[in-house]
Amino acid sequence: MPAANRDYLAAWLAAETDLSVTELTDTSELLASGVLDSLKIMDLTMAVESDLGITIPLEDVIGENFATVGSIVQMLDRLQAG
């Protein structure tokens, strides 16, 4: 997976949560651990659109796409590729 989306996500999570970039792996549980909740998901969605120019359609704002770092990066890569 391209590093740019993962690096952006790791930096955003580190800035918005108590996690550090070094703690984050592709399998880091974000929903189950409470790192992300519905408000944080909306914040992330808006940040991704503003900063990366990737629009996350409402139908993609589902738990499985935001469960882990890897699942978010896969979704971003898919949406970016068109």
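The values are calculated or read from the model by the stated rules, or taken from the named source; none is laboratory data. Note that the structure is predicted; figures quoted are calculated from it, not measured. Every residue, glycine as well, gets a Cβ built from its backbone with ideal geometry; the counts of neighbours run over all protein chains shown.
Points to keep in mind about this one:
- Segment 62-82, subset among the β-branched types (V, I, T) and not in a helix (DSSP H, G or I), residue surrounded by the fewest Cβ atoms within 10 Å (Cβ to Cβ): I62
- Once segment 43-61 is narrowed to residues that are loosely packed, with under 12 Cβ neighbours inside 10 Å and hydrophobic (A, V, I, L, M, F, W, C), the residue that is nearest to the chain's Cα centre (by Cα) is M46.
- Cβ-Cβ distances below 7 Å connect no pair with a first residue in segment 25-39 that is among the hydroxyl-bearing types (S, T, Y), a second residue that is exposed (fewer than 13 other Cβ atoms within 10 Å of the Cβ), and a separation of six or more residues or different chains.
- Filter pass, T27 being surrounded by 10 or more Cβ atoms within 10 Å (Cβ to Cβ), touching an Asp or Glu at 6+ places or on another chain (Cβ under 9 Å), at pLDDT 95 or above and part of a loop (DSSP other than H, G, I, E, B): no
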